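Readers should treat all values here as calculations from the given coordinates under stated rules, not as data from a laboratory. Not measured: the values here are computed from a predicted model. FYI the Cβ positions are ideal-geometry reconstructions off the backbone, even for glycines, and counts take in every protein chain you see.
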Amino acid sequence: MITFLRALLGIFLGAVAVFVLVMAVEMFSSVVHPFPEGMDLNDMEEMCEHVARYPDWVLAAVVGLWGFSAFLGTWIAQKVGSYWASGVEAALILWAVLFNLSMLPYAVWFKVVMPMAVVVAIAAAFGLARSFKRAV
């Protein structure tokens, strides 16, 4: 029972870390590519137009920041919980990325690179967490 509760705590703490970091990415994005004045944030068409105008350098920065978020969330889930917890965390992160990419008209290169970066970050977190377990 303790193992299960630790796994749930790991998933929760990993998700909190990802949430906080993704909100920071969104704040960065809104500073470097602000919404036009008078934009209705609830209008999906206007949001799609805004996303379609993202500069490539902003998207490139977002790839790295999301990758770091995925790495840290998965690593925390593993360190607090277990491999099972980090696997659940990784699946949730990957689902969120794919959902976001499917909803908005990002550049094609971004839709290809973003999931790859997240998968690499998750794999690195699994590997690093495993090497820490052996060292301890």
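Condition check for Pro55 on (1) in contact with a His (Cβ under 9 Å, 6 or more places away or on another chain); (2) touching a residue at least 60 places away in the same chain (Cβ under 8 Å); (3) not aromatic (Phe, Trp, Tyr): one failure, at (2). The residues in the range 76-120 that are part of a helix (DSSP H, G or I), of a type in the set (A, V, I, L, M, F, W, C), surrounded by fewer than 23 Cβ atoms within 10 Å (Cβ to Cβ) and within 16 Å of the chain's Cα centre (by Cα) can be counted, and the count is 19. The single residue among Val20, Val63, Val58 that is under 21 Å from Ala123 (Cβ atoms) and under 16 Å from the mean Cα position of the chain (by Cα) turns out to be Val63. There is no residue in the range 40-61 that is among the charged types (D, E, K, R), closer than 20 Å to Leu9 by Cα and surrounded by 13 or more Cβ atoms within 10 Å (Cβ to Cβ). Among the candidates Trp84, Trp109, Trp95, Trp66, the residue that is more than 19 Å from Ala15 (Cβ to Cβ), out of contact with any strand residue (DSSP E or B) (no Cβ under 8 Å at 6 or more places or on another chain) and not aliphatic (A, V, I, L, M) is uniquely Trp109. Residue pairs whose Cβ atoms lie under 6 Å apart, separated by 6 or more positions or on different chains, with the first residue in the range 8-35 and under 18 Å from Ser86 (Cα atoms) and the second part of a loop (DSSP other than H, G, I, E, B), are Gly10/Gly81.
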